[in-house]
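Working notes, beginning with the structure itself.
The values are calculated or read from the model by the stated rules, or taken from the named source; none is laboratory data. Since the model is a prediction, treat every value here as computed from it, not as a measurement. Cβ atoms come from the backbone with ideal geometry, glycine included; neighbour counts cover every protein chain shown. Just the protein is used for accessible areas: all its heavy atoms, side chains included, with ligands, DNA and RNA removed. Shrake-Rupley method; radii C 1.70, N 1.55, O 1.52, S 1.80 Å.
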Amino acid sequence: THKHPKVQQWLADHPRWIFHFTPTSASWLNAVEGFFSAITRRRIRRGVFKSVPDLQDAITRYIRDHNKAAKPFAWIKSADIILGKLARLPASSV
């Protein structure tokens, strides 16, 4: 973890390195987990599959249908608001 003494020492020895921590709810892994949760609830639990290829076809169809209505991520906050929040964060842990 970033608070381990060895990591703290490394960061002190490399002042040009700055970590910007994001909340776990904002991680890419959380997004992947959310997608698998949705596909499980909306397709897999509701289906009856007589074979692995049947299941694979259902998953492929779900992804294809999901992608038809895909929307790109859009920022809803201005850079000034985001930078203002960053300025209010506590000092670095280094």
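For the stretch 37-58, how many residues meet the condition of being out of contact with any Lys or Arg (no Cβ under 7 Å at 6 or more places or on another chain) and part of a helix (DSSP H, G or I)?
Matching residues across the stretch 37-58 total 14.
Give the number of residues within the stretch 28-76 that are of a type in the set (Asp, Glu) and under 17 Å from the mean Cα position of the chain (by Cα).
So the answer is 1.
Any residue that is part of a helix (DSSP H, G or I), within 30 Å of residue 90 (Cα to Cα) and of a type outside the set (Phe, Trp, Tyr) - is there at least one of those in the stretch 63-79?
yes
Quick check on this structure: which one of 44, 82, 63 is within 30 Å of residue 4 (Cβ to Cβ) and surrounded by 10 or more Cβ atoms within 10 Å (Cβ to Cβ)?
82
Looking at the stretch 16-41, which of the residues that are in contact (Cβ under 8 Å) with a residue 12 or more places away in the chain and under 25 Å from residue 89 (Cα atoms) is least open to solvent (accessible area, probe 1.4 Å)?
The residue in question is 19.
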